[in-house]
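Engineer: One structure follows; several queries about it will come next.
The values are calculated or read from the model by the stated rules, or taken from the named source; none is laboratory data. Everything quoted here is computed from the prediction, not taken from an experiment. Cβ coordinates were reconstructed from backbone atoms using ideal geometry, including for glycine residues, and neighbour counts include every protein chain displayed.
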Amino acid sequence: MKDTVYLDNSATSWPKPPGVARAMAAFMEECGGSAGRSSHRRAIEAGLEIYRAREAVAELLGVEKPNRVIFGHNATWALNQVIGGLLRPGDRVIADRSSHNSVRRPLLALKRDAGLRIDWWAPPSAAEPLDPAELDDLLSKEPTRLVTVCHISNVLGTIEPLAEICATAHRHGALVLADCAQSAGSLPLELDAWGVDFAAFTGHKGLLGPQGTGGLVIGPDLPLEPLMRGGGGDSRAEDVPSELPEALEAGTYNAVGLAGLRAGIAWIREQGLDALLKRKRRLTRRLCEIVDEADAELLGPRDPALRGALVSFNLPGWEANQLAAALEESHGVQTRSGLHCAPGAHHVALTMDRGAVRASVGPFNTEEDLEVLARAVAAARRETP
Ligand SMILES: Cc1ncc(COP(=O)(O)O)c(C=O)c1O
C-alpha cells in the first residue's frame, strides 16, 4: 500500500498510534486470559485490563461511573441494543433524518413488526444543524419515548447541538439516544453533564482503537432489556446478572481489542484532545477550500467549527464512485463514495441520485496529504468524463 494517501478516517481511522498494536500484542503474548470466568491470575489480569479500558472511555467521554460503559462489538451493536431493548409496540420515536442505517434500519424493522411510530426530524437545510425549537414542537404534539440524533453526520459532517436536544427532550419526558460514532475521540464529549441517556460509540474511528471494539454509555438508572443472554454471574440463575455492565455484556470479551482501545485513548490524552481537534479543524478548512477551488458541490456546513473532520463533495460531470476510483488511480488518494449508509442525509442534501465522495482526516494526516488531494481533484476537473 505504498504511495497512498489515506483520507477515509470516518470509515475507520488509519494509521493507529504505535502503542495500539503493541498493547494488543502484549495482551496476547503475556496475558490472554478470559475475564469474568475463571479465578486464576490470568483471568483476573484480563478483567483488570477491561476495567482500565472502561475507566479510560468513561474519563474521555465525561461519564462519572465506569460501570455505565458497556462494551460490545461496535456502535451498530449499541444502537441496536437500545432500540431493541427499550422500545415497545406503539411507542413513538422522533428520529434524526440523517441517521445512519444502524439506527434507521432497526427503527424501520420495529415499525414493520411492532407498530413503532416514527417521525423524522430534519435540519432547516443541509448547511445547518437540527433546530431544537422544532423538536420542541414535534414533542408537544404527542408523548414520545425516544429521540435519536446522529451527533456528527457521517455525510454532512454537521455537529448537532446535543446538550440542547437532551434538555428539550427531557422537558417532554422523552429519552435521547445519541449516535456518537463520529464524535467520540474527535470532539470533547460531556455525556453526563449534557444529560445524554444513551450514547453509542465505536472504538475504531476517533478513539483510534482496533475494529471490533465499541459500545454503549447508559445514563444512571435507565432500564434496558438485554438483546443477548449468555454466561456470567451465578450459573444456576435463570437470567443474566442485573447489574451493569454485566447485564448487557454477553459472551467472552474482546480483551485484546480493548487493550488496543485503551492505548488509543491514552495516546489521545497524551497529545491533548483540544490540540488534535485544532489541527483537524485546520485540515478540514483546507478540505473545504479544495472543494471550492474545484467549483465542486460541498455538502453540509462550510465553517470547520460547525463540522467534524470530514467533507463530502461532488464534482460536476462525475459519478461519485467513478470519481473516488479516479482519485485513487491517478494520485493514490483513498476516499469513500456512494450513499455512506445514510440515505436520509442524502435526502436532506438533495443528493440521493448521485451520493457523494467523502474525504475525512485523522490525526496523522498532513498538509502535504491534502495537497495531493488538491492535485487529484484538479486533474479530475480537467478530465471530466
Ligand atoms: C454515524 C455513524 N453511525 C454508526 C456507524 C456504525 O459504526 P460501526 O461500524 O462501528 O458499527 C457509523 C460507521 O460508519 C457511522 O458513521
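Engineer: So the check is Cβ under 7 Å with 6+ separation or different chains; which pairs have a first residue in the range 1-12 that's farther than 16 Å from residue 153 by Cβ and β-branched (Val, Ile, Thr) and a second one that's within 15 Å of the ligand (Cβ to nearest atom) and in a loop (DSSP other than H, G, I, E, B)?
Structural biologist: Pairs found: 12/204; 12/205; 12/211.
Engineer: Can you say whether residue 57 is out of contact with any Asp or Glu (no Cβ under 6 Å at 6 or more places or on another chain), outside the structural domain of residue 312 (by TED's automatic domain parsing) and within 16 Å of the ligand (Cβ to nearest atom), as far as the supplied structure shows? Break it down into steps so the answer makes sense when it comes.
Structural biologist: Details: out of contact with any Asp or Glu (no Cβ under 6 Å at 6 or more places or on another chain): yes; outside the structural domain of residue 312 (by TED's automatic domain parsing): yes; within 16 Å of the ligand (Cβ to nearest atom): yes.
It is true that residue 57 is out of contact with any Asp or Glu (no Cβ under 6 Å at 6 or more places or on another chain), outside the structural domain of residue 312 (by TED's automatic domain parsing) and within 16 Å of the ligand (Cβ to nearest atom).
Engineer: Residue under question is residue 155, and the condition is that it be closer than 26 Å to residue 288 by Cα and touching a residue at least 24 places away in the same chain (Cβ under 8 Å); does it hold?
Structural biologist: So residue 155 passes the test.
Engineer: Could you check the range 106-121 and list, in sequence order, the residues that are within 16 Å of the ligand (Cβ to nearest atom) and either on the phi > 0 side of the Ramachandran plot or touching a Ser or Thr at 6+ places or on another chain (Cβ under 8 Å) (or both)?
Structural biologist: Of everything in the range 106-121, just one residue is within 16 Å of the ligand (Cβ to nearest atom) and either on the phi > 0 side of the Ramachandran plot or touching a Ser or Thr at 6+ places or on another chain (Cβ under 8 Å) (or both), namely 107.
Engineer: When you check residue 331 against the structure, is it surrounded by 15 or more Cβ atoms within 10 Å (Cβ to Cβ) and touching a helix residue (DSSP H, G or I) at 6+ places or on another chain (Cβ under 7 Å), yes or no?
Structural biologist: Values: surrounded by 15 or more Cβ atoms within 10 Å (Cβ to Cβ): yes; touching a helix residue (DSSP H, G or I) at 6+ places or on another chain (Cβ under 7 Å): yes.
Criteria met by residue 331.
Engineer: Taking the conditions exactly as written (within 16 Å of the ligand (Cβ to nearest atom), surrounded by fewer than 16 Cβ atoms within 10 Å (Cβ to Cβ) and not charged (D, E, K, R)), does residue 77 satisfy them or not?
Structural biologist: Details: within 16 Å of the ligand (Cβ to nearest atom): yes; surrounded by fewer than 16 Cβ atoms within 10 Å (Cβ to Cβ): no; not charged (D, E, K, R): yes.
No.
Engineer: When the range 297-328 is examined, which residues are found to be at pLDDT 95 or above, out of contact with any strand residue (DSSP E or B) (no Cβ under 9 Å at 6 or more places or on another chain) and either outside the structural domain of residue 283 (by TED's automatic domain parsing) or surrounded by fewer than 16 Cβ atoms within 10 Å (Cβ to Cβ) (or both)?
Structural biologist: none
Engineer: Related question: So, in the range 78-120, how many residues would count as being among the small types (Gly, Ala, Ser) and either assigned to a helix (DSSP H, G or I) or assigned by TED's automatic domain parsing to the domain that holds residue 342 (or both)?
Structural biologist: Taking the range 78-120 first, the residues among the small types (Gly, Ala, Ser) are 78, 84-85, 90, 95, 98-99, 102, 109, 114-115.
This time we only want the ones that are either assigned to a helix (DSSP H, G or I) or assigned by TED's automatic domain parsing to the domain that holds residue 342 (or both), so: 78, 84-85, 102, 109, 114.
Total satisfying the criteria: 6.
Engineer: Okay, next question. Looking at (1) closer than 28 Å to residue 185 by Cα; (2) away from the ligand (no atom under 14 Å from the Cβ), which is the one condition that is false for residue 321?
Structural biologist: (1)
Engineer: For the range 364-371, check the following and say yes or no: at least one residue is in a loop (DSSP other than H, G, I, E, B), of a type in the set (Phe, Trp, Tyr), away from the ligand (no atom under 16 Å from the Cβ) and closer than 27 Å to residue 264 by Cα. Let's see the steps before the verdict.
Structural biologist: Quick first cut of the range 364-371, residues in a loop (DSSP other than H, G, I, E, B) only: 364-366.
Pick out the ones that are also of a type in the set (Phe, Trp, Tyr) and you get 364.
Next, only the ones that are away from the ligand (no atom under 16 Å from the Cβ) stay: 364.
Keeping just the survivors that are closer than 27 Å to residue 264 by Cα gives 364.
The answer is yes; a qualifying residue exists.
Engineer: So the check is Cβ under 7 Å with 6+ separation or different chains; which pairs have a first residue in the range 330-342 that's within 17 Å of residue 287 (Cα to Cα) and a second one that's modelled with pLDDT under 95?
Structural biologist: Partner pairs satisfying both residue conditions: 332/3; 337/355.
Engineer: Output the number of residues of the range 127-159 satisfying the condition of being more than 20 Å from residue 181 (Cα to Cα), of a type in the set (Gly, Ala, Ser) and in a loop (DSSP other than H, G, I, E, B).
Structural biologist: 1
Engineer: Of these, 2, 16, which one is surrounded by 15 or more Cβ atoms within 10 Å (Cβ to Cβ), of a type in the set (Lys, Arg) and farther than 14 Å from residue 200 by Cα? If you could, list the steps in order and put the result at the bottom.
Structural biologist: Details: 2 fails: surrounded by 15 or more Cβ atoms within 10 Å (Cβ to Cβ).
Of the residues listed, the single one that is surrounded by 15 or more Cβ atoms within 10 Å (Cβ to Cβ), of a type in the set (Lys, Arg) and farther than 14 Å from residue 200 by Cα is 16.
Engineer: Then there's this: Exactly one of (1) crowded, with 20+ Cβ neighbours inside 10 Å; (2) under 29 Å from residue 267 (Cβ atoms) is unmet by residue 345. Its number?
Structural biologist: Failed condition: (2).
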